[in-house]
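Asks: One structure, as structure tokens, below. Some questions next.
What follows draws every value from the coordinates through simple rules; no lab data is involved. Remember, it's a predicted structure, so these values are computed and weren't measured experimentally. Note: ideal-geometry Cβ built from the backbone for every residue, glycine included; neighbour counts use all protein chains shown.
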Ligand code: ATP
Ligand code: MG
């Protein structure tokens, strides 16, 4: 026998049984983003490697260790490790930034990073993200943060903290880098190899190192908030005022620098302790330099990305509600080939009206068919045999109550089924209401 092939390490399948959870969060996120006037953008799964080198940054973990780069014929590509670079590339390429500002886009996409797989850290994972280009002021920072918060609230999450920080602009960063270098120099020998190169090129990156040794050394490092220029300070203060106005609780965490190089001023994370060590469900910030760096006109911008696996995991841990998966409205059990033809015709009509209809495709006996109908949670079952075809009437059985109603098999069939289905829906809603009231 051939050896079974399994999925690559760090990837996951979502089976049809589990998909309703994904539909729930995708629907929730889409809907909320649209309420803020964002529209969906779809970008390629792979881009030229250069795009990520230039945007994500050469000294980041993502670029230094985690990119999936493939060579096809003579051209090199990289599977997107995140969505911002591609979205901004697309905004530039499609002239969107010459249109009315701010430009607002959201995406749901898979990302690829060659990381060590563990709970909450995959090699292929999914993000919901938003990007807003054109708006410089702190109101847009508050807008982006409140959008993320609205999605997490709608998911029903509790126990998720918002941390904010400002990592300043190139002006404040010059002085800060100097201070960091001076701080880390005496520890040069202890730093990991990656951080050693960062010390020269981008010392702030050391604060984001996952190595416990570097983390320990970085503990008492100078904090950026003490180096902010006047403009960045005011921006950060005003953001806090807006967040308070919207009753969005936050904690300032001067240690947040984020894993990608393009951030300026505001950075933020939503973190939960309910899913283990990888608790950052959402991360984002302002990236005022990126668009110019990518060849566009200087344009301020801001965004976030939410890890959907982590979001779903947190919802599961916290017992949040998911949208119910759809189930079969009508299962038809045909007893012979003639009845099968009728089942097909009736099914065709009802399906065209949006009902979920199934009939036997396994040539099973009645008992086995009933068992199957139960298993798929069919609301109604209708048996079709010789008698039913002859009389052009059948019994529609309500699987919850066992009640049976006669239904004509002629052109009146759909109308009658509609009636019964509507009654059933109301009955169900009433029952739900009663339960809620109790
Ligand atoms: P972390 O510090 O956890 O590595 P990051 O800074 O690399 O996160 P971002 O690049 O900001 O993460 O991505 C945004 C979000 O995407 C994260 O907050 C997280 O929810 C999710 N995410 C990032 N990397 C992974 C991964 N390897 N597996 C699953 N989700 C991920
Ligand atoms: Mg990471």
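Asks: Share of Cα-Cα pairs in the chain beyond 35 Å, in percent?
Replies: The share of Cα pairs beyond 35 Å in the chain comes to 45 percent.
Asks: Turning to a different aspect of this structure: Where the centre of each part is set by its Cα atoms, how far does the stretch 161-220 sit from the stretch 235-264, in angstrom?
Replies: Result: 20 Å between the Cα centres.
Asks: Okay, next question. For the pair residue 26/residue 154, report the inter-label distance in nm, with labels modelled 7 Å from Cα in the Cβ direction.
Replies: About 1.5 nm, to one decimal.
Asks: Okay, next question. On a 0 to 90 degree scale, rounded to 10, what angle separates helix 170-184 from the longest Cα axis of the chain?
Replies: Compared with the principal axis, the helix lies near 80 degrees.
Asks: Return one number: the angle in degrees, 0 to 90 and rounded to the nearest 10, between the long axis of the Cα atoms of helix 19-35 and the longest principal axis of the Cα atoms of the chain.
Replies: Its long axis makes an angle of about 60 degrees.
Asks: Out of 323, 269, 200, any idea which swings most in a Gaussian network model of the chain, alpha carbons joined below 10 Å?
Replies: Residue with maximal mean-square fluctuation among 323, 269, 200: 200.
Asks: Hey, another quick one. Given points 7 Å out from each Cα along the Cα-Cβ axis, report the residue 73 to residue 5 separation in nanometres with one decimal.
Replies: 2.5 nm
Asks: In terms of the ratio Rg/(2.2 N^0.38 Å) built on C-alpha atoms, what value belongs to the stretch 294-391?
Replies: Taking N as the residue count of the stretch 294-391, the ratio is 1.86.
Asks: If packing is taken as the average count of other Cβ atoms within 10 Å, what order do 374-381, 1-8, 142-149 fall into, highest mean first?
Replies: Highest to lowest by the protection proxy: 142-149, 374-381, 1-8.
Asks: May I ask for the distance between the Cα centers of the stretch 1-71 and the stretch 326-378, given as a whole number of Å?
Replies: Centre-to-centre (Cα) distance: 37 Å.
Asks: Send over the per residue convex hull volume for the stretch 289-349, Cα only, as a whole number of Å³.
Replies: Normalising the Cα hull of the stretch 289-349 by residue number yields 252 Å³.
Asks: Okay, next question. Sequence gap at least 6, Cα distance under 8 Å: using those rules, report the relative contact order of the chain to the nearest whole percent.
Replies: Result for the chain is 15 percent.
Asks: Sticking with this structure for a sec: For a test of the definition: using alpha carbon positions, the gyration tensor, and the 1.5 limit on a/c, classify the stretch 31-102 as rounded, prolate or oblate.
Replies: prolate
Asks: Okay, next question. Which shape class applies to the stretch 1-121: rounded if a/c is under 1.5, otherwise prolate when a/b exceeds b/c and oblate if not, where a ≥ b ≥ c are the square roots of the Cα gyration tensor eigenvalues?
Replies: Note, shape of the stretch 1-121 comes out oblate.
Asks: Right, next: Can you bin the stretch 54-154 into rounded, prolate or oblate? Criterion: square roots of the alpha carbon gyration tensor eigenvalues sorted a ≥ b ≥ c, rounded for a/c under 1.5, prolate for a/b above b/c, oblate for the rest.
Replies: Because a/c hits 1.5 or more and a/b fails to exceed b/c, the stretch 54-154 counts as oblate.
Asks: Using only DSSP helix segments of four residues or longer, with each worth -39500 (n - 2.57), what per-residue ellipticity at 222 nm results for the chain after dividing by its residue count and rounding to 500?
Replies: Estimated from H runs of four or more residues: -12000 deg cm²/dmol.
Asks: Which of 126, 23, 427 moves most in a GNM of the chain, Cα contacts under 10 Å?
Replies: 427
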